[in-house]
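Input: a single structure, listed below in structure tokens.
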6 protein chains.
Amino acid sequence: MRPSNRAADELRAVTIERNVARYAEGSCLIKFGGTHVLCTASLEDKPPAWLRGQGRGWVTAEYSMLPRATHTRTRRESTSGKQTGRSQEIQRLIGRSLRAVTNLQGLGERQITLDCDVLQADGGTRTAAITGAWVALHDCVKWMRGRSIIKDHPLRDHVAAISCGISNGEPVLDLDYAEDSAAETDANFVMTGGGSLVEVQATAEAAVFSDGQLHAMLTLARAGIARLVDLQKTAVA
Amino acid sequence: MRPSNRAADELRAVTIERNVARYAEGSCLIKFGGTHVLCTASLEDKPPAWLRGQGRGWVTAEYSMLPRATHTRTRRESTSGKQTGRSQEIQRLIGRSLRAVTNLQGLGERQITLDCDVLQADGGTRTAAITGAWVALHDCVKWMRGRSIIKDHPLRDHVAAISCGISNGEPVLDLDYAEDSAAETDANFVMTGGGSLVEVQATAEAAVFSDGQLHAMLTLARAGIARLVDLQKTAVA
Amino acid sequence: MRPSNRAADELRAVTIERNVARYAEGSCLIKFGGTHVLCTASLEDKPPAWLRGQGRGWVTAEYSMLPRATHTRTRRESTSGKQTGRSQEIQRLIGRSLRAVTNLQGLGERQITLDCDVLQADGGTRTAAITGAWVALHDCVKWMRGRSIIKDHPLRDHVAAISCGISNGEPVLDLDYAEDSAAETDANFVMTGGGSLVEVQATAEAAVFSDGQLHAMLTLARAGIARLVDLQKTAVA
Amino acid sequence: MRPSNRAADELRAVTIERNVARYAEGSCLIKFGGTHVLCTASLEDKPPAWLRGQGRGWVTAEYSMLPRATHTRTRRESTSGKQTGRSQEIQRLIGRSLRAVTNLQGLGERQITLDCDVLQADGGTRTAAITGAWVALHDCVKWMRGRSIIKDHPLRDHVAAISCGISNGEPVLDLDYAEDSAAETDANFVMTGGGSLVEVQATAEAAVFSDGQLHAMLTLARAGIARLVDLQKTAVA
Amino acid sequence: MRPSNRAADELRAVTIERNVARYAEGSCLIKFGGTHVLCTASLEDKPPAWLRGQGRGWVTAEYSMLPRATHTRTRRESTSGKQTGRSQEIQRLIGRSLRAVTNLQGLGERQITLDCDVLQADGGTRTAAITGAWVALHDCVKWMRGRSIIKDHPLRDHVAAISCGISNGEPVLDLDYAEDSAAETDANFVMTGGGSLVEVQATAEAAVFSDGQLHAMLTLARAGIARLVDLQKTAVA
Amino acid sequence: MRPSNRAADELRAVTIERNVARYAEGSCLIKFGGTHVLCTASLEDKPPAWLRGQGRGWVTAEYSMLPRATHTRTRRESTSGKQTGRSQEIQRLIGRSLRAVTNLQGLGERQITLDCDVLQADGGTRTAAITGAWVALHDCVKWMRGRSIIKDHPLRDHVAAISCGISNGEPVLDLDYAEDSAAETDANFVMTGGGSLVEVQATAEAAVFSDGQLHAMLTLARAGIARLVDLQKTAVA
């Protein structure tokens, strides 16, 4: 039995609340159980400097945790003077994931920044961030279309993410912090609404893993992400 | 008539929601109209290095705004590598204000950090932060007393804060962003539950001001802070 | 009796020596007793980037203390890699104070930077800096007019500043370091030559304060600043 | 046909030269074709601060590219003041990979730092770095055993890494820069000598990918890593 | 004829004013013509961390220029976040020069920091700084002996410095800014009171130089430094 | 007898291997005994910002040591967030030395950056770097002439450098680390192929030095540099 009494293939309670930030072009507060992430999309009327004059736009992300999102207080990145390697790694992943389903030509020479700020962290913050960032991005492009800034819909598909792990030898879905910190192997999967893979990151923590275990986690993830995409559809309906 | 249709001495709708952060020893989400600040109190079992061995504790604060708390996105302080002067100035004010009503000897050799993170900003973020931080601090010391970490209550009084301004020549209370950015003079007052002054900061923006105008703002602030203290009392009752 | 044997409303010996920096467009060395601040005004032929194309100029300030201006050596800000929060807070105050009496349109698209470097610190460095910076700014605009860079005088009035405090229960003027570090309340007032208020900053240190005490400090400050303005007039005559 | 005229499952010429750094406890220069990485292992007689007193050691890594390792000169990280997100991500991966085959208890309270400096970059720098770092680490623990600092061999197995990709729709092994920058999907695999998985990172670049494509890349990687492990064995024989 | 109408071997007017900083253990304001440097010596009761427990002390220096010490304003190092390479090079030279005449064992486990802050710069700031720093250091050790902190005098000799150059083909002494910026070769010499060499730094600017020119500059420097040492003796008499 | 059994005027074995970096416009690996420096020249098609529009180019240098180039591991400058003062001092010296023999007008509005990365350090890294950088610069301008980017050869002469020292009272040439760390005086000389002086830096370490000792070191350096210039000629022949 899992620490949270969930079945091996059971997601935590997931909720998505849209339009939580008054000024952002798109926003949501997404909760994967005790993990709460505020996602906002901010439109800027020019692309990053290195992309100027190429007729394309850009989607990027920034990720941060509030100091007391965690069990013990974490030092604020602004006072230590730099982002941690972990934060940078996660925000690069979020940006890549969203760009994988965006037609950048369709944005014109503009940039959308997805800020994912973790208000409370109980494992799986990066997967909640990706799943919520899609909703914020969706609402941002809807806002743009409503003002005729763009004509066609530049999002080709949904994108969502979930974690899996090998815990006490068994593959499990959507680990919370307690389970994650004890798991032998830890993996994150990012997939499209159509079921294609966008990113796979699997890491041996306490023990190395086999092809079969990778495959079992992939199977769990596929089902979990399908449910997350349904929740995204309901949210933006 | 004010842009928000309020009377000159009328606060915005103020709400205080306690226990919003699962891991913090004390927390609240305070709203002054469209200004939303998440306040958490984090207990650390040792004082800052410069205070070691003196038998006293310390209360400090950190302040930050989420990038899209504002009309246009603000650059994240962790990516620019340092806090702005404005953030530092505000967090120094929050810390001083809370220490003014805390018996630091009563904390023992410990530190409480008050993190004030602005989720949405519509003027008066520092005054909401001080008012909310008091609630988080209150709950933190209550948590400590519940675990017999300390015996006596180290908070001597309430502390709360409100902004005033001279707007179109008239003194007004609790300015929102629209009013604040057009005001001739801008002031922040911090007072105790007993009505004593803790901090006065009045600044000429578009026009210098007179002793009479300072006095009129002080009178407005006194009434407004009394109402905020009542709201704090209700919140922690 | 005060530690310095001064009457409650007595300034320290104040001297202003003009033209102390060969290359600056305006400069002075101002002394408030043992507090010595070197103020220079530097003219730059373009405004800050965010102000370009608006037909206005800008006045800004930077403040720093030499490492051994103080009783014990303070770490140099350039080796710690950033300005302290205190330095930033003070230089923001100096800049605001000077802009309050400057017609920024009258400067054209130019910037004047007031560097206030504390050679020796015995309390009241920010008030000496503001009072001296006005002299440096005055001489800079005089220099500009002498070269027909501008035609009209962009300074609308004098501006000067003084500290007050509640010391042993009594309001006193112009605190030195010994008095300042023991005072119950600490306040800084910035006023124009015409007697209008530009900035009020009053802070409870060891004890909260009353409206009456704020008013008493304001009265002391008004008289002190009038004398400082007279000294500025003599200096630039 | 691949740009390099290699078969889909063909590695570039791989060479490992040991003992290239006079002072390091272990070192090698590893070449994957035009990618050259200098790997050194440095023993420090205490663990990182957060691990003190736990009877265990630590293995960590740092990764950097010389400015002109690349087609056009890259700005030196020491002059920009921080490591790029990419460098941090890679060095975290190298450290995790080596720890996965190291008995940290067996090191005692010591730290081994693996510095991986890319002298020339033609794709696959992180996989060459992991493969070479294992040799440097091997020689470092051999050095320690030779001096009776440790008794048992703390390396449980080999670890090596290789990249794969989907290029023109076909899975290929060990991409050089030209192939990598045009590939639809990019993946890195880290495995032990025994064939277990340590890390899988697969990323959609120009196109999303399927389970089948992931599996095909995994099969290629397994064969490639087996050959790299053979080369490690020959090198340290 | 030189721009300053001086003879080739003529120093600028040099003055040394002692005891200019109330709190420092030693201080002077030294002027080489229009170059003004404030030098303070600060005693700290422990050596730097890397020297602990070795029974020796340390002498170090920090060098900085006020922003408007120069013709056009220089950016403040504390706002740019780091010292320039030039400042670091100069302060390393000052520290080495003073240590060359100090018996570090004689200081005990203490550190003396020499802060050299350039108030006005007209060429030769590093040579003025070294010459003035000796006076501040002298007064600091005198202060220590007066309080019986040390018994013997740890200064073995005087140390002073002067610049030379090849200007219009002729060797000249003590260049001001105008001459320095046009000189073909620029050199700085540091010598003891006894006439031994401590440091020679000669640099081709507009033209390479010969052994004969180096020797001619050395001869000029020797005479100039002898006069500076006389001025130091008079100052501390 | 010297620790390395060399005669007082004997260089270590010096080798220069050209074309070691595939992408650089010029490169070499230079070895002075156990000191190995990788030098690359990178051409950029615009000058630094401060030189734009003046019809001239620029030659600059960056210097760094790999963390384990030294006996004990040195902290990586990119993780400490800034270059050390030593690195900055050395790279400024390398840049000046190369510019002394370059016709900057002849480069047109371009910049050449010489990266000198120390793979292994056994004393004399800066002199090896200067000597090797000349070869890289030579090959870079040859590359430019081969592509008709420039017409005339902008290098006016060779430039090379060597260290000398006073060791056990005797002047010696080309010190290795063991000898350097025990020497009384340490000097670096930079000269042209024609035998003119470009830079002299002589520093008292354990003892001050005399004019005669400076002259003796200069004589040794002159012979050593002549041999280095011969090696450069052979290398680029």
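The values are calculated or read from the model by the stated rules, or taken from the named source; none is laboratory data. The model shown is predicted, which means the values in this text are computed figures rather than measured ones. Every residue, glycine among them, receives a Cβ derived from its backbone with ideal geometry; neighbour counts consider all protein chains shown. Ligands, DNA and RNA are excluded from the accessible area calculation, which covers all protein heavy atoms including side chains. Shrake-Rupley method; radii C 1.70, N 1.55, O 1.52, S 1.80 Å.
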**OP:** Among what's in the stretch E:77-86 and is open to solvent by 40 Å² or more (accessible area, probe 1.4 Å) and within 10 Å of chain C (Cβ to nearest Cβ), pick the residue that is modelled with the highest pLDDT.
**Re:** E:Thr84
**OP:** Please indicate, with yes or no, whether at least one residue in the stretch F:31-51 is open to solvent by 20 Å² or more (accessible area, probe 1.4 Å), free of Cβ contacts under 8 Å to residues at least 24 places away in the same chain, away from every other protein chain (no Cβ under 13 Å) and over 23 Å from F:Gly146 (Cβ atoms).
**Re:** yes
**OP:** Scan B:Val236, B:Val172 and give me the residue that is open to solvent by less than 20 Å² (accessible area, probe 1.4 Å) and more than 10 Å from chain C (Cβ to nearest Cβ).
**Re:** B:Val172
Subject >> Residue pairs meeting the criteria (Cβ under 6 Å; at least 6 apart or on separate chains; first under 21 Å from E:Gly95 (Cα atoms), in the stretch F:193-211; second open to solvent by 20 Å² or more (accessible area, probe 1.4 Å) and among the aliphatic types (A, V, I, L, M)) >> reply: F:Ala204/E:Ala100
Original post:
Are any residues in the stretch B:71-90 under 14 Å from E:Thr79 (Cβ atoms) and of a type in the set (D, E, K, R), and if so, which ones?
Top reply: B:Lys82
**OP:** Answer yes or no: is there a residue in the stretch E:28-46 that is over 25 Å from C:Ala121 (Cα atoms), in contact with an Asp or Glu (Cβ under 9 Å, 6 or more places away or on another chain) and β-branched (Val, Ile, Thr).
**Re:** no
Original post:
Out of all the residues in the stretch C:108-122, is one or more open to solvent by 20 Å² or more (accessible area, probe 1.4 Å), modelled with pLDDT of 95 or more and assigned to a strand (DSSP E or B)?
Top reply: yes
Original post:
With C:Ala133, C:Ala100, C:Ala128 as the choices, which residue is away from chain E (no Cβ under 11 Å) and open to solvent by 20 Å² or more (accessible area, probe 1.4 Å)?
Top reply: C:Ala100
Original post:
Counting only residues that are more than 15 Å from E:Thr192 (Cα to Cα) and at pLDDT 95 or above, how many does the stretch E:130-155 have?
Top reply: 13
Subject >> Matching residues, the stretch D:121-154, being free of Cβ contacts under 8 Å to residues at least 24 places away in the same chain and under 27 Å from F:Thr40 (Cα atoms) >> reply: none
**OP:** May I ask you to say which residue of D:Asp157, D:Asp152 is more than 30 Å from A:Val159 (Cβ to Cβ), within 13 Å of chain A (Cβ to nearest Cβ), among the acidic types (Asp, Glu) and not in a helix (DSSP H, G or I)?
**Re:** D:Asp157
**OP:** Select from the stretch C:138-153 the residues that are under 26 Å from C:Val14 (Cα atoms) and open to solvent by less than 50 Å² (accessible area, probe 1.4 Å) and list them in ascending order.
**Re:** C:His138, C:Asp139, C:Cys140, C:Val141
Subject >> Meets criteria (over 24 Å from D:Arg75 (Cβ atoms), of a type outside the set (A, V, I, L, M, F, W, C) and at pLDDT 95 or above) for F:Arg2 >> reply: no
Original post:
What are the pairs, 6+ residues apart or on separate chains, where a residue within the stretch D:103-120 that is more than 14 Å from chain F (Cβ to nearest Cβ) has its Cβ under 6 Å from a residue that is modelled with pLDDT under 95 and open to solvent by 10 Å² or more (accessible area, probe 1.4 Å)?
Top reply: D:Gly106/D:Asp152
Original post:
Going by the structure shown, is B:Ala13 touching a residue at least 12 places away in the same chain (Cβ under 8 Å), under 18 Å from B:Thr125 (Cα atoms) and open to solvent by 50 Å² or more (accessible area, probe 1.4 Å)?
Top reply: yes
**OP:** Hey, could you check the stretch C:57-76 for residues that are more than 12 Å from C:Val118 (Cβ to Cβ) and in contact with a helix residue (DSSP H, G or I) (Cβ under 6 Å, 6 or more places away or on another chain) and say which is nearest to the other protein chains (Cβ to nearest Cβ)?
**Re:** C:Arg73
Subject >> Filtered residue count, the stretch E:72-100, keeping only those that are free of Cβ contacts under 8 Å to residues at least 24 places away in the same chain and part of a loop (DSSP other than H, G, I, E, B) >> reply: 9
**OP:** Tell me which of these B:Arg68 doesn't satisfy, since it passes every other one: (1) surrounded by fewer than 16 Cβ atoms within 10 Å (Cβ to Cβ); (2) within 23 Å of A:Ser87 (Cβ to Cβ).
**Re:** (1)
**OP:** For D:Gln213, state whether it is within 21 Å of D:Leu11 (Cα to Cα), crowded, with 21+ Cβ neighbours inside 10 Å and facing chain A (nearest Cβ under 10 Å).
**Re:** yes
Original post:
With (1) touching a residue at least 12 places away in the same chain (Cβ under 8 Å); (2) open to solvent by 10 Å² or more (accessible area, probe 1.4 Å) as the list, and A:Ala161 as the residue in question, which single condition is left unmet?
Top reply: (2)
Subject >> Checklist (1) within 14 Å of another protein chain (Cβ to nearest Cβ); (2) in contact with a strand residue (DSSP E or B) (Cβ under 8 Å, 6 or more places away or on another chain); (3) over 28 Å from D:Ser87 (Cβ atoms); (4) open to solvent by 50 Å² or more (accessible area, probe 1.4 Å) applied to F:Arg18, failing item >> reply: (1)
Original post:
If B:Glu89 satisfies every condition in (1) in contact with a strand residue (DSSP E or B) (Cβ under 6 Å, 6 or more places away or on another chain); (2) of a type outside the set (Phe, Trp, Tyr); (3) open to solvent by less than 30 Å² (accessible area, probe 1.4 Å) but one, which is the exception?
Top reply: (1)
Original post:
Which residues, taken from the stretch C:87-97, are of a type in the set (Ser, Thr, Tyr) and within 14 Å of chain E (Cβ to nearest Cβ)?
Top reply: C:Ser87
**OP:** Look through the stretch A:11-21, keep the residues that are in contact with a helix residue (DSSP H, G or I) (Cβ under 9 Å, 6 or more places away or on another chain) and assigned to a loop (DSSP other than H, G, I, E, B), and return whichever of them is farthest from A:Met217 (Cα to Cα).
**Re:** A:Ala21
Original post:
Looking only at residues in the stretch C:175-202 that are under 16 Å from B:Val198 (Cβ atoms) and not in a strand (DSSP E or B), which one is farthest from the other protein chains (Cβ to nearest Cβ)?
Top reply: C:Ala183
